[in-house]
Every structure is written in C-alpha cells, then in structure tokens.
Amino acid sequence: MEMIKVGARRPAMLDRPQQEMLIDGQRVPALSGKTFETRNPATGELLAIVADGDAQDVDRAVKSARAAFEGPWSRMKAVERQRIMLRLADLVEDHYEELAMLDTLDLGAPYSRTMLGKARAGALLRYYAGQATLIAGETLPNAAMGDVISHTLKEPIGVVAAINPWNGPVGMSVWKAGPVLASGCTLVMKPAEQTPLSALRFGELCLEAGVPPGVINILTGQGAAGAALSAHPDVDKIAFTGSTGVGEKILHAAAGTMKRVTVELGGKSPNIVFADADLDKAVPAAAMAVFANSGQICSAGTRLFVQSSIREEFMERLAAFTRTIKVGDPLDPETQIGPVVSAPQMDKILAYIESATREGGEALVGGKRMSGVGYDDGFFIEPTIFTGLDDTMTIVREEIFGPVLSALSFDTIEEALQRANATEFGLASGVWTSNLTTAHRMARGIRAGSVWINCYQMLDPGVPFGGYKMSGFGRESGPHHIEDYLETKSVWIKLD
Ligand code: NAD
C-alpha cells in the first residue's frame, strides 16, 4: 500500500492501514468484511481502508447504544457526565494537531484552517458540559384544576443517530456528541464516507475520557448505512446534517417509527454590501465568505449583492483580492485554499461553471480546474467569480458547494430584501452597512437562521445555528439545543 508522506506530523492512527468501526468500545470490521478506500484529495494518495458498514452493522451499533442507554450511563449523576465531558474537552485539545491533520489529509482543507477548529471544539464541549447540570423540569401552576400539583421531568430521549457531511469532520463530530453526552443519551454516529477518519479517533478519545463503551459508537459506511440507521426501529432521534435531498429521504425514513428529527441542510446564502459599508473589511470578507474551505460550507455567502453605486470599485477590488488567494498544498502554511473533497464533487462544480457560461454569465476571475505541478493529482478549482448573471440562472439558484461566487447588484434596500429572500433556502446571510437602521431592517426582513452584520460565518456554542425553509429545521448550539435530546414528562399529584 502507498503511504502518505507528511513526515513527523503523520497521525499515528494511520499506522493501521485498516480502519475498523467503533462499536461497544471495540474497533471491529464490518460483519460483511467489506471495506472502502479513503484518499487524500490533494494528492490521490491512499490514506486508509475503512470498514464499510451495512444494515447488520447498524443493528449491532444500535443494540450497543440501547444497552449502554439502559446500563450504568442512565444512572450516572449529571455531575459525573460533566466531569467526563470536561476531561474529553482537554483530551480533544491535547490531540487536536492529530485530529486536524486527519481532516486535512481526508478533506484537503489547509492545516492552518483545520487547526482553527481547536478553540471551537474545546469551547463546544465545555459549553455542553455546563448544560449537563442545568437540565431541569418545572413546577407548574395548574390553570383550571384545583387540588393538584403538577411538575415536569426532563428525560433523555434515548438512542440518537447522527449522520454527518464531509465538510468539517471533527467539528461536526464534537457538535453532535455534545448534546448527546450532556443529556444522557447514547449515539450511533455515521461520518461521511469521504472523511471517516477523525470521527474514529474522536470516538477513541471519548473512551479514554471515560465515556462508557456503547455510549458513542462510530459507524463507518456509505449512504446505505445512513439509510439503514434512519429507518432503524430502535433509534429514537436523528440529528442529520447534509444535503437537502438526503434530508428529505431521512424525513420519509423516520416517519414509520415517528423518530424525532432535526435536519441541518444546504444553503444559497445572500451576502449584501451597501454603499456605506467599510469596504476594506467587506471586500476580503465577501471573498472568504465563499472561498474558505473551497466553498464547501453550508452557510457560504454564494450570492453577493453589491449596491450599484459602488459596484465597479467593489468588483475591481474583489477580483484583485481573489487573485491573491493562494490555492495549493494543504500542508503548506501559506496555503489558504486546498482542493475540493473528491472527483465527483469537482465534476459537479465544473458542470455548474459550464452551465453559467452557457447561460450567459462571465467568469471575471477563475473558472477552471487547476493544472501543473502540485495540482495535477488533486481536485483543485480556481476561486471563481461570475458576473453578467440574473437571478434565474442555475448557478444563482442552486447550491454548488464549491469555490464559485455569483456577483449581482441592487439599487434599494427593498430590492435587496426581496431578492435575498427569493430562494428556497434560508440558512444564513450577511449584511455590510454602517447605517444602524439599514442593519436592523435587513436583520428583521431576511428569512434565514443567521444574519451576520459586518461579519460573516461567526459561530459560537451559545448562539443557535440552523435553517429556515429548505435549509432544514432545528437549531444546533445555544441554550435550547439540548431540548431536542429530552422528553418532557408531566407528573400529577392529586391532593385529597
Ligand atoms: P450528503 O447529504 O450527500 O451526505 C451527508 C451524509 O448522509 C453522509 O454521511 C452520507 O453517507 C449520508 N447519506 C447519504 N444518503 C443517505 C440516505 N439515503 N439516508 C441516510 N443517510 C444518507 O451531504 P454531503 O455532500 O456529505 O455534504 C454537503 C451538504 O451538507 C451540503 O448540502 C451542505 O450545505 C450540507 N451541510 C449543512 C450544514 C448545516 O449545518 N446546515 C453543515 C454542513 C453541511
């Protein structure tokens, strides 16, 4: 087998070329014996051969999660769960270089970027650890009944299935595990088939932190494993993050057993620059709102609306900035953007670029696959800005999930609002202005789960994130996220 060449920073986990799944505290192969390959999208090198789980592995993992849910975990005091989570936060931070390197190799995101996730991962785990000891029911005054005392109990919902996308692997594992551990639920987590490695290492760290076997299971496999998981009768809740198309399938699969479901889906987010904005900040931010992570971010600001009076200057500066973005080897500290995750993803993006040209758009910057030394073996696409578009064109309407920006212009605030909202999605948005009234009117008018004013892509464990419309439902992070992992039971005591 070819070996990766990342020298001393090569994660020790990759010494084992066969990567088995993690069920009931053990690394085990798929019952079928089937495997799949995961490769480095920057070089094509083989990273590992991974267990390819199917319905029988799903069943084994769900049984393990159910047994753990009914075992000592269910009787563990909240303060004990909290202690384990705080230990896990420390361990994840201590091992973050390894986790970040696994993601860099698997996903192609620059190491300088994957390392930025360290602070967020620690903060997320500590935030949810805090919530573990705050779960509480209420004593409620009865509205119409006399001589009765009523109170509520908050109970963990049970076995949770998390099904994850590939665009931010370890961050997503932590985000899914946080509310599960805090609430006392158990988890079967299926990482995306393109990027399974860091989830497996995260699962091992959970065990090392003292999470009992079976509480966190990592099931590697393809979409079919996700489908089996979302239809499994003994799964109580699904926390899905991924495309809107798969989200719809999951809702259908979950209906038969009335599972609780939250779906964090795709987007086509508007980023709106008014003439009174601070352009020194807005120009680089508008570029990185879409090009960061090679455009593979659900909330990427892919529809840029610039007020007409500054359009010429803004586009000139945006084009100049974009030409300075360094695309290349994810291990080079100077690199800002790596490849996209896979050949199919690259082909999909290139097809969107072709459609834009065919429909009359013009590539102001970029528009091609990159070639030459350092690029030929990977899936690199130039950061691309299209102009000459109207709102009906395919690239303006559909999520591309690649480094492609649609640049549009507008005249009035009413027009900006109307066109920003003229999309089936509603995940996020950006507004750049120095006028407080404009900022507030836009924040109220935009139909999306996040509105970033004079910033973009901010995330915090304490602030909810999620979608309107076809971008899904449910909010991750924030004080109420944990409610999705709890059942409410009403207890009545009659006073005679
Ligand atoms: P995807 O929907 O193709 O796959 C996501 C996961 O679902 C993978 O683990 C996959 O194996 C699994 N899956 C595939 N078919 C399935 C089925 N029939 N039943 C159950 N599971 C199945 O998404 P992707 O291409 O991995 O990720 C990109 C998408 O994720 C984009 O649309 C992006 O916007 C979205 N995303 C959303 C958020 C958010 O928070 N809203 C965050 C990150 C990514």
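Bear in mind these aren't lab numbers, they're just calculated from the coordinates by the rules spelled out. Please read all numbers here as calculations on a predicted model, not as lab measurements. Here the Cβ is made from the backbone with ideal geometry for all residues, glycine too, and neighbour counts use every protein chain on show.
Pairs of alpha-carbon atoms within less than 8 angstrom and 6+ residues apart define the contacts here; what relative contact order does the range 127-209 have, in percent?
Working: 93 pairs, mean separation 24.9, N = 83.
This gives 30 percent for the range 127-209.
Local charge sum around Gly267 (other residues, Cβ-Cβ under 15 Å, Lys/Arg +1, Asp/Glu -1)? Walk me through the intermediate numbers first.
Numbers: positive: Lys268, Arg303, Arg397, Arg447, Lys469, Arg475; negative: Glu264, Glu398, Glu399, Glu424, Glu476.
After counting each charged neighbour, the total is +1.
Just list whichever of Lys118/Lys368; Lys118/Lys348; Lys176/Lys368; Lys249/Lys469 have alpha carbons separated by over 25 Å in the model shown.
Numbers: Lys118/Lys368 33 Å; Lys118/Lys348 31 Å; Lys176/Lys368 36 Å; Lys249/Lys469 16 Å.
Checking Cα-Cα distances, Lys118/Lys368; Lys118/Lys348; Lys176/Lys368 exceed 25 Å.
For Gln222 and Lys348 in one chain, what is 0.36 nm times their gap in residues minus the Cα-Cα distance, to one decimal in nm? Don't skip to the answer; put the middle values down first.
On the way: separation 126, 0.36 × 126 = 45.36 nm, distance 1.90 nm.
Roughly 43.5 nm would be gained on extension.
Summing +1 for each Lys or Arg and -1 for each Asp or Glu, what net charge is found among the other residues whose Cβ lies under 14 Å from the Cβ of Ala286?
Working: positive: Lys281, Arg303, Arg311, Arg317; negative: Asp278, Asp280, Glu313, Glu316.
Around Ala286, the surrounding residues sum to 0.
So for the range 222-326, Kirkwood radius off the Cα pairs, Stokes-Einstein at 37 °C and 0.692 mPa s: how many µm² s⁻¹? Provide the component values of the computation, followed by the final result.
Details: Rh = 16.4 Å.
D = 200 µm²/s.
Between Lys77 and Glu312, what FRET efficiency follows from the Cβ-Cβ distance if R0 is 60 Å, with the result rounded to 0.05?
Details: r = 64 Å, r/R0 = 1.06.
Here the calculated transfer efficiency is 0.40.
Given the chain, what percent of its DSSP beta bridges are antiparallel, to the nearest 5?
Values: 27 of 65 bridges.
Of those bridges, close to 40 percent are antiparallel.
Please compute the contact order of the chain in relative form: average sequence separation of alpha-carbon pairs under 8 Å and at least six residues apart, divided by the residue count, as a percent.
Numbers: 1121 pairs, mean separation 87.6, N = 496.
Contact order relative to length: 18 percent.
Treating the beta-carbon of each Lys and Arg as +1 and of each Asp and Glu as -1, no other charges, what is the dipole magnitude of the range 184-292 about its Cα centre, to the nearest 20 debye?
Working: 8 positive and 10 negative charges, 67 e Å.
So the magnitude is around 320 debye.
Given a Förster distance of 25 angstrom, what is the FRET efficiency for Arg9 paired with Asp376, based on the Cβ-Cβ distance and rounded to 0.05? Don't skip to the answer; put the middle values down first.
Working: r = 24 Å, r/R0 = 0.95.
FRET efficiency, Arg9 to Asp376: 0.60.
How much length, in nm to one decimal, is gained on full extension between Thr394 and Phe36, taken as 0.36 nm per residue of separation minus their Cα-Cα distance? Walk me through the numbers on the way to the answer.
Details: separation 358, 0.36 × 358 = 128.88 nm, distance 3.35 nm.
Result: 125.5 nm gained on full extension.
Considering only DSSP beta bridges whose two residues both sit in the range 349-487, what percent are antiparallel, to the nearest 5? Show your work: numbers first, answer last.
Numbers: 5 of 10 bridges.
The answer is about 50 percent antiparallel.
In nm, to one decimal, how far is the Leu459 label point from the Asp332 one, both placed 7 Å along Cα→Cβ?
In this crude label model, Leu459 to Asp332 measures out at 2.7 nm.
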